[in-house]
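One structure below.
Taken together, the values in this text are just the output of simple stated rules run on the coordinates, not laboratory data. Because the structure is a prediction, the values reported are computed rather than measured. Methodologically, a virtual Cβ is constructed for each residue, glycine included, from the backbone with ideal geometry; neighbour enumeration extends over all protein chains shown.
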Amino acid sequence: MECEEAELYRLLFCKNATPNQLIQGEELLKGDKLISTNAEYIFMLHESGNLVLKKDGFELWTSDTGGYENITRCVMQHDGNLVLLRNNGDIVWESNTSNNSGGSLIVQNDGHVVITNVIWATGTS
């Protein structure tokens, strides 16, 4: 996908304002994606409830939450913690990055997904 196509995809289908970022208070629902600005990496909440980082269709990282039931969204909380939530609000997975007010998640062009101040990352490149 070219960068122009990624931008068009974001404008048409993404709820968040920046195609490669999730800022505090924003969420991904199942099927929503963040795309690196070079359009090589996709970070998404899969229909299975798994958070996935992909390149060229191959999974580079997952949250290993695909077996959990009723995961409906991934939220960047106002305290800087990224969480996967069930429909009843229970946390299934978290990045353990609270106390990071002002932080946001970024899908970088090198394949890293980071929460600003680099207090959490997928560890891929």
Exercise. Fully extended, how many nm does the chain gain between Phe58 and Ile23 (0.36 nm per residue separation, minus their Cα-Cα distance)?
Worked result: 10.0 nm
Seminar exercise, completed: The simple spin-label model distance between Tyr68 and Arg86, using points 7 Å out along Cα→Cβ, in nm, is 0.9
For this session: Quick one: grab the alpha carbon gyration tensor of the range 22-125, order the square roots of its eigenvalues as a ≥ b ≥ c, and give me rounded if a/c is under 1.5, else prolate or oblate depending on whether a/b is larger than b/c.
Result: oblate
For this session: Give me the distance in nm between label points sitting 7 Å out from Cα along the Cα-to-Cβ direction at Asp110 and Ser48, one decimal.
Result: 2.9
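Which peptide among 58-68, 75-85 comes first, and what is the full order, when sorted by highest mean count of other Cβ atoms within 10 Å?
Working: 58-68: 14.5, 75-85: 20.0.
The packing order, highest mean first, is 75-85, 58-68.
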